[in-house]
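First comes the structure, then the notes that go with it.
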Amino acid sequence: MKHNILTETAFYRALESKETENIKEMYDEFISCVIKIYKAGDTASAYIALSYTEVELNACKVSPLVKTYVDKATSFIKEMRNMLETTVGKGITANPAIPELPQIEWTGQTVDLVELMYALKETGSINNGEMPISQMSEAFFQIFGRKTQRDYTRYYVCIKEREADFSYTYFIDKMRRKLNEKIKADIKKSLSK
């Protein structure tokens, strides 16, 4: 995608030539082009094209009547860029053809999520154990639809302070026990057929 694709539209050419007789129709067509660029899925190129166009629109000298359309166009471009930034921050593209993943929500206790997070860190199961626990915490809480806990270490302290005759890892022990029960039940069911 060319960076100046939107400055080749009838709307932009009319602003430059001051021939703005059908400005409303040209504006509507321009907005449709912005939406197509947003939906194209090439986030980096779309961001560059939108940024370039915003700068060019802001530099146009136009009449007060036409300025309303220029202001609306630049506001819309800013909104589209903000949406692109949001999608990039979440690691997804703006392409609507890509199916959206189902939302995952952690319905257990927060301390259990922190216990799981620390266990995965210590086993080197995520990024070979090299990701700082603060980054893991932010990612885990975001993935599981929970508000980020800046004081996740407080939960770890709670885990360390548990009365542990046998184990400190209540949640992981429960997970192991439940999974083993399910596997045994499934094996028993398959053998009885």
Next item on the list: Heavy atoms only, probe 1.4 Å: what % of the accessible area of the chain goes to carbon and sulfur, would you let me know?
Entry: 55
Next item on the list: Measure out, as a whole number of angstrom, how far apart the alpha-carbon centroids of the range 145-182 and the range 4-62 sit.
Entry: 54
Next item on the list: Note down the nm distance, to one decimal, between modelled labels 7 Å out along Cα→Cβ at Arg176 and at Ser134.
Entry: 3.2
Note to self: Highest mean first, how do 118-130, 9-21 rank when packing is the count of other Cβ atoms within 10 Å averaged over residues?
What the structure shows: 9-21, 118-130
Next item on the list: Calculate, for Lys160 and Glu85, the FRET efficiency according to 1/(1 + (r/R0)^6) with r their C-beta to C-beta distance and R0 41 Å; round to the nearest 0.05.
Entry: 0.55
Checklist line | Pairwise FRET efficiency - Glu105 versus Lys72, Cβ, R0 = 45 Å, nearest 0.05 | finding: 0.75
Next item on the list: Just tell me which lysines come within less than 23 Å, Cα to Cα, of Lys182; anything on the same chain fewer than 8 places away is out.
Entry: Lys174, Lys193
Next item on the list: Keeping all protein chains in place, calculate the accessible area per residue for the range 153-193 (probe 1.4 angstrom), answer in Å².
Entry: 93
Next item on the list: Any of Lys160/Lys188; Lys2/Lys147; Lys24/Lys61; Lys147/Lys188 with alpha carbons more than 29 Å apart? Name them for me.
Entry: Lys160/Lys188; Lys2/Lys147; Lys147/Lys188
Check: Which of the DSSP-defined H helices in the chain satisfy a minimum axial length of 20 Å, computed from C-alpha atoms, and a minimum mean Kyte-Doolittle hydropathy of -0.5?
Finding: 23-39, 43-59, 64-89
Check: What are the extents of the Cα atoms of the range 40-193 along their three principal axes, listed from largest to smallest and rounded to whole Å?
Finding: 79, 47, 27
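The values are calculated or read from the model by the stated rules, or taken from the named source; none is laboratory data. These numbers come from a predicted model, not from an experiment. Ideal geometry is used to build each Cβ from the backbone, glycine not excepted, and the neighbour counts take in all protein chains shown. Accessible surface is based on the protein model in full, side chains and every heavy atom, while ligands, DNA and RNA are left aside. Shrake-Rupley method; radii C 1.70, N 1.55, O 1.52, S 1.80 Å.
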